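**Q** Sharing a structure with you now.
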Amino acid sequence: MARSRQNPSTISSFLLAGGGADLDYAIGDALGVLPVNAPDEVAAIPEVTGLKGPETVQLKTGPAALRSALLTWLDLSTVTPKTLEAWAVEARPEDMQVIDLLRRPDFTPEAQVQVDGLRPLQPRLYSISPSPKTHPGEEHLTVGEVRYQLFGSDRQGGASTYLGERLAPGSMVGVYIQRSAHFHLPEDDTRPLIMIGPGTGIAPLRAFLEERDARGAEGPNWLFFGDQHEACD
Ligand SMILES: Cc1cc2nc3c(=O)[nH]c(=O)nc-3n(C[C@H](O)[C@H](O)[C@H](O)COP(=O)(O)OP(=O)(O)OC[C@H]3O[C@@H](n4cnc5c(N)ncnc54)[C@H](O)[C@@H]3O)c2cc1C
């Protein structure tokens with residue numbers, strides 16, 4: 001199996017609706033992002049199932065066109081026990097994803113059966129990267145796009161490539177704050193700070209540094225950055 005590849009991190013900037021007045025957060029918290037699936041992944045599904053997309057299916061939220069359900073509501077990669085049950089799959093290699101199961105010969109699920117086997121699309125968390133003191137009303141995320149090969153074809157992480165590649169300037173994105181219980185700056189600005197951020201773990205530490213700078217903190221700061229693989233990172 002090919003190793004996951006994280007493209008060099010990109011920073012996505014967001015203007016918060018209403019200046020972010022209704023978002024109460026501290027650095028160290030994360031932003032939950034509601035992703036939209038990749039249109040080419042959605043388009044690949046009718047190619048293997050023969051269903052074209054306007055079929056109506058029932059979701060927990062109500063009726064929807066199959067294509068729109070696949071684009072915004074359903075996880076197109078994770079196979080769960082529910083998938084196996086709904087699609088009557090008995091044995092499969094453990095790392096098979098949804099598209100691999102749909103490609104099985106002689107498997108032509110009806111639209112509702114197809115949807116019943118998929119779990120809801122999950123939000124993903126991204127560490128808040130700027131200090132609100134230096135960037136009021138803005139959010140920045142530091143995102144490594146997840147890309148890898150599986151069973152001979154290119155695969156991509158749903159949310160990281162949504163943020164890194166598919167979002168056009170001016171797009172609206174659904175977000176929420178995920179509070180962190182313990183991951184915050186010390187209140188005492190004279191204390192020294194040692195920060196270790198491998199790969200995208202650098203994201204919250206960027207905010208820590210900005211915040212210390214904005215506060216005029218006198219304590220020394222050490223930041224260690226690392227990546228996992230010498231050959232590809
Ligand atoms: C508190 C918190 C903060 C975070 N902050 C950041 C951040 O600041 N920046 C950041 O980039 N990320 C961050 N993450 C990670 C982020 O939430 C996502 O998990 C990450 O971006 C991948 O999401 P995705 O939707 O792109 O990938 P997904 O669609 O979720 O795909 C990832 C999945 O792909 C599969 N996969 C990956 N490689 C392979 C392979 N080689 N073979 C087979 N299957 C494979 C695995 O099942 C893996 O779980 C954070 C996570 C948490 C919990």
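The values are calculated or read from the model by the stated rules, or taken from the named source; none is laboratory data. Being a predicted model, the structure only gives us computed values, none of them experimental. Quick reminder, even Gly has a Cβ in these numbers, built from the backbone with ideal geometry, and neighbours come from all protein chains shown. Heads up: the accessible areas ignore ligands, DNA and RNA and are worked out on the full protein's heavy atoms, side chains in. Shrake-Rupley method; radii C 1.70, N 1.55, O 1.52, S 1.80 Å.
**Q** Pairs under 8 Å by beta carbon, first residue under 12 Å from Tyr126 (Cα atoms) in segment 159-171, partner basic (Lys, Arg) and open to solvent by 40 Å² or more (accessible area, probe 1.4 Å), six or more apart or different chains?
**A** Filtered contacts from segment 159-171: Ala159/Arg124; Ser160/Arg124.
**Q** Let me ask you something else. Restricting to segment 63-92, give me the number of residues that are assigned to a loop (DSSP other than H, G, I, E, B) and of a type in the set (D, E, K, R).
**A** 3
**Q** Here's something else I'd like to know. Could you list, in sequence order, all residues of segment 120-160 that are more than 14 Å from Asp29 (Cα to Cα) and near the ligand (Cβ under 6 Å from one of its atoms)?
**A** If the condition is that a residue be more than 14 Å from Asp29 (Cα to Cα) and near the ligand (Cβ under 6 Å from one of its atoms), then Val143, Gly144, Val146, Tyr148, Leu150, Gly157, Gly158, Ala159, Ser160 are the ones that fit.
**Q** Considering Pro130, Pro136, Pro169, Pro192, which residue is under 22 Å from Pro35 (Cβ atoms), open to solvent by 50 Å² or more (accessible area, probe 1.4 Å) and either at pLDDT below 90 or not hydroxyl-bearing (Ser, Thr, Tyr) (or both)?
**A** Of Pro130, Pro136, Pro169, Pro192, the one residue that is under 22 Å from Pro35 (Cβ atoms), open to solvent by 50 Å² or more (accessible area, probe 1.4 Å) and either at pLDDT below 90 or not hydroxyl-bearing (Ser, Thr, Tyr) (or both) is Pro169.
**Q** Among the listed residues Gly164, Gly152, Gly174, identify the single one that is exposed (fewer than 13 other Cβ atoms within 10 Å of the Cβ) and under 20 Å from Ser77 (Cα atoms).
**A** Sole residue among the options that is exposed (fewer than 13 other Cβ atoms within 10 Å of the Cβ) and under 20 Å from Ser77 (Cα atoms): Gly152.
**Q** Right, something else. Can you tell me how many residues within segment 1-19 are more than 13 Å from the ligand (Cβ to nearest atom) and either at pLDDT below 80 or not assigned by TED's automatic domain parsing to the domain that holds Ser160 (or both)?
**A** The number of residues fulfilling the criteria is 0.
**Q** Can you find a residue that is within 19 Å of the chain's Cα centre (by Cα) and of a type in the set (A, V, I, L, M) anywhere in segment 100-117?
**A** Looking through segment 100-117, none of the residues is within 19 Å of the chain's Cα centre (by Cα) and of a type in the set (A, V, I, L, M).
**Q** Hey, another quick one. Could you go through segment 202-216 and let me know if any residue there is open to solvent by less than 70 Å² (accessible area, probe 1.4 Å), more than 29 Å from the chain's Cα centre (by Cα) and within 22 Å of Leu141 (Cβ to Cβ).
**A** Yes: one or more hits.
**Q** Return yes when Gly219 is surrounded by fewer than 19 Cβ atoms within 10 Å (Cβ to Cβ) and either not in a strand (DSSP E or B) or not assigned by TED's automatic domain parsing to the domain that holds Gly20 (or both) and no when it is not.
**A** Here the answer is yes, as Gly219 does meet what is asked.
**Q** Can you pull out the residues in segment 41-60 that are closer than 12 Å to Gln112 by Cα, open to solvent by less than 60 Å² (accessible area, probe 1.4 Å) and within 26 Å of the chain's Cα centre (by Cα)?
**A** Gly53, Val57, Leu59
**Q** Looking at (1) among the acidic types (Asp, Glu); (2) at pLDDT 95 or above; (3) open to solvent by 20 Å² or more (accessible area, probe 1.4 Å), which one does Glu90 not meet, given that it meets all the others?
**A** Evaluating Glu90 over (1) among the acidic types (Asp, Glu); (2) at pLDDT 95 or above; (3) open to solvent by 20 Å² or more (accessible area, probe 1.4 Å) leaves (2) as the failure.
**Q** Going through segment 69-87 one residue at a time, which ones are more than 19 Å from the chain's Cα centre (by Cα) and open to solvent by 20 Å² or more (accessible area, probe 1.4 Å)?
**A** Passing the criteria: Pro81, Lys82, Leu84, Glu85, Ala86.
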